[in-house]
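These notes concern the structure reproduced below.
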Amino acid sequence: MEKDILILGIESSCDETAASVVKNGRSVLSNVISSQIDIHTLYGGVVPEIASRKHVERINQVIGQALADADVTLEEIDAVSVTYGPGLVGALLVGVGEAKAIAYAAGKPLVGVHHIEGHIAANYLEHPDLEPPFLCLVVSGGHTHLVRVLEYGKFEIIGYTHDDAAGEAFDKVARAIGLGYPGGPKIDKLAKEGNPHAIEFPRAKIEGCEYDFSFSGVKSAVLNYLNGCEMKGIEVNRADVAASFQQAVVDVLVGKAVSAAGKLGEKRIAVAGGVASNSALRAAMKQACDEAGIALCYPSPIFCTDNAAMIASQGYYEYMAGTRHDLDLNAIPNLKIGQR
């Protein structure tokens with residue numbers, strides 16, 4: 001019988017301080033997340049310096065709780081995995097520094113993990129039958145990618161955003177209609193009260209780049225609509241704006257993902273990232289995949305947003321592939337998918 005592999009995962013790329021212990025890349029033994037949303041809501045978005053300081057304050061307690069919840073000691077851990085990019089450089093440095101200290105003190109291997117590859121791996125935590133190859137739509141506050149997962153550590157980007165990420169557009173539109181931060185969940189909630197066809201916002205197409213995205217246009221269209229209403233003295237139905245904007249974004253995400261899967265012969269689509277918890281996206285993607293005969297999977301909401309279980313999962317596959325990092329591992333805020 002093969003020995004179980006226990007990976008301690010650490011995540012601090014933005015405003016969540018998180019630690020997790022995962023067994024064999026699939027079984028979550030603990031998943032502790034300390035969120036800073038309440039703090040950053042006061043400023044309308046994440047303040048990098050505040051985020052970094054809060055990570056310093058909380059990271060030891062979060063890791064200690066993750067080990068306690070999993071009922072394991074550092075001696076029983078096989079490797080320490082940590083997000084080293086992309087993300088806010090100050091925030092990343094806190095996690096990387098902590099992981100290096102633990103790895104050195106405990107004599108454990110250090111494995112650096114790409115944050116977005118971690119989001120993709122979040123799907124492994126609840127879908128035991130999911131194995132590469134498959135197509136993954138990654139949708140978050142800072143990233144929108146269509147990725148072919150060829151092997152556990154091998155990725156091919158077939159589409160990406162040329163400007164705003166989908167989650168970024170959600171945040172900016174939410175701010176414009178007075179919902180505040182974080183924008184994604186608030187637009188999702190308000191949109192349920194509105195008519196998604198009340199306002200025809202544009203769906204961007206990029207000539208020569210069939211699977212690429214652009215969300216700055218729809219964001220600008222919303223802002224122009226709001227300004228126009230203000231100038232004409234027209235009362236704005238915020239629910240209709242939220243629903244119509246959300247529908248425009250969802251149509252593009254679903255259309256490109258399902259089209260790409262069909263043309264590439266992929267029989268399974270996974271969705272990952274914070275926006276993967278959006279209820280309209282999930283419903284539209286399920287309907288489109290059912291109609292196209294494509295299997296669909298996505299993580300529970302707790303594994304869509306930033307967490308360390310996904311980092312431990314991807315860390316497991318990196319570890320099994322022989323990936324090891326020295327103590328000179330540094331934070332790389334603009335780390336590219338597949339970069340090693």
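The values are calculated or read from the model by the stated rules, or taken from the named source; none is laboratory data. This structure is a prediction, so every number in the text was calculated from the model and none was measured. Glycine gets a Cβ as well: all are built from the backbone with ideal geometry, and neighbour counts include every protein chain shown.
Observations
- Val258 within 18 Å of Ile187 (Cα to Cα), within 20 Å of the chain's Cα centre (by Cα) and surrounded by fewer than 24 Cβ atoms within 10 Å (Cβ to Cβ): no
- Selected residue (criterion: surrounded by the fewest Cβ atoms within 10 Å (Cβ to Cβ)) from residues of the range 128-164 that are among the acidic types (Asp, Glu) and in contact with a Ser or Thr (Cβ under 8 Å, 6 or more places away or on another chain): Asp163
- Single residue of Val56, Val46 found to be under 24 Å from the mean Cα position of the chain (by Cα) and either surrounded by 22 or more Cβ atoms within 10 Å (Cβ to Cβ) or over 19 Å from Tyr104 (Cβ atoms) (or both): Val46
- Residue in the range 212-231 that is basic (Lys, Arg) and under 17 Å from Thr144 (Cβ atoms) present: yes
- Residues located in the range 236-245, provided they are free of Cβ contacts under 8 Å to residues at least 60 places away in the same chain and either under 13 Å from Ala169 (Cα atoms) or surrounded by fewer than 22 Cβ atoms within 10 Å (Cβ to Cβ) (or both): Val236, Asn237, Ala239, Asp240
- Check on Leu88, crowded, with 24+ Cβ neighbours inside 10 Å, touching a residue at least 60 places away in the same chain (Cβ under 8 Å) and over 14 Å from Ser20 (Cα atoms): no
- Residue match in the range 58-79 (condition: without any contact (Cβ under 8 Å) to a residue 60 or more places away in the chain, in contact with a strand residue (DSSP E or B) (Cβ under 7 Å, 6 or more places away or on another chain) and among the acidic types (Asp, Glu)): yes
- All of Ser244, Ser220, Ser279 fail the test of being within 22 Å of the chain's Cα centre (by Cα) and hydroxyl-bearing (Ser, Thr, Tyr), apart from Ser279.
- Scanning the range 205-235 for residues that are within 23 Å of Val258 (Cβ to Cβ) and not small (Gly, Ala, Ser) yields Lys205, Ile206, Glu207, Cys209, Glu210, Tyr211, Asp212, Phe213, Phe215, Val218.
- Beta carbons closer than 9 Å, at least 6 apart along the sequence or on distinct chains, pair a first residue in the range 312-340 that is over 18 Å from Gly97 (Cα atoms) and modelled with pLDDT under 95 with a second that is of a type outside the set (A, V, I, L, M) and loosely packed, with under 13 Cβ neighbours inside 10 Å for Gly338/Lys154.
- Here Ala280 passes the criteria (1) under 23 Å from Gly159 (Cβ atoms); (2) in a loop (DSSP other than H, G, I, E, B) except the one numbered (2).
- Residue within the range 71-90 that is over 19 Å from Glu11 (Cα atoms) and in a helix (DSSP H, G or I) present: yes
- Taking the listed residues Ile206, Ile234, Ile199, the one that is in contact with a His (Cβ under 7 Å, 6 or more places away or on another chain) and more than 25 Å from Thr305 (Cβ to Cβ) is Ile206, with no other qualifying.
- Qualifying residue in the range 44-60 (condition: under 30 Å from Gly167 (Cα atoms) and hydroxyl-bearing (Ser, Thr, Tyr)): yes
- Test for Ser20: is it in contact with a Lys or Arg (Cβ under 6 Å, 6 or more places away or on another chain) and of a type outside the set (Val, Ile, Thr): no
- The range 183-235, residues that are surrounded by 14 or more Cβ atoms within 10 Å (Cβ to Cβ), in a helix (DSSP H, G or I) and charged (D, E, K, R): Lys186, Asp188, Lys219
- Selection within the range 26-70 - of a type in the set (Asp, Glu) and either modelled with pLDDT of 95 or more or in a strand (DSSP E or B) (or both): Glu57, Asp69
- Where Leu125 falls short, out of the listed (1) within 24 Å of Ala284 (Cα to Cα); (2) surrounded by fewer than 20 Cβ atoms within 10 Å (Cβ to Cβ); (3) modelled with pLDDT of 95 or more: (2)
- Some residue of the range 303-310 being under 18 Å from the mean Cα position of the chain (by Cα), among the acidic types (Asp, Glu) and not in a helix (DSSP H, G or I): yes
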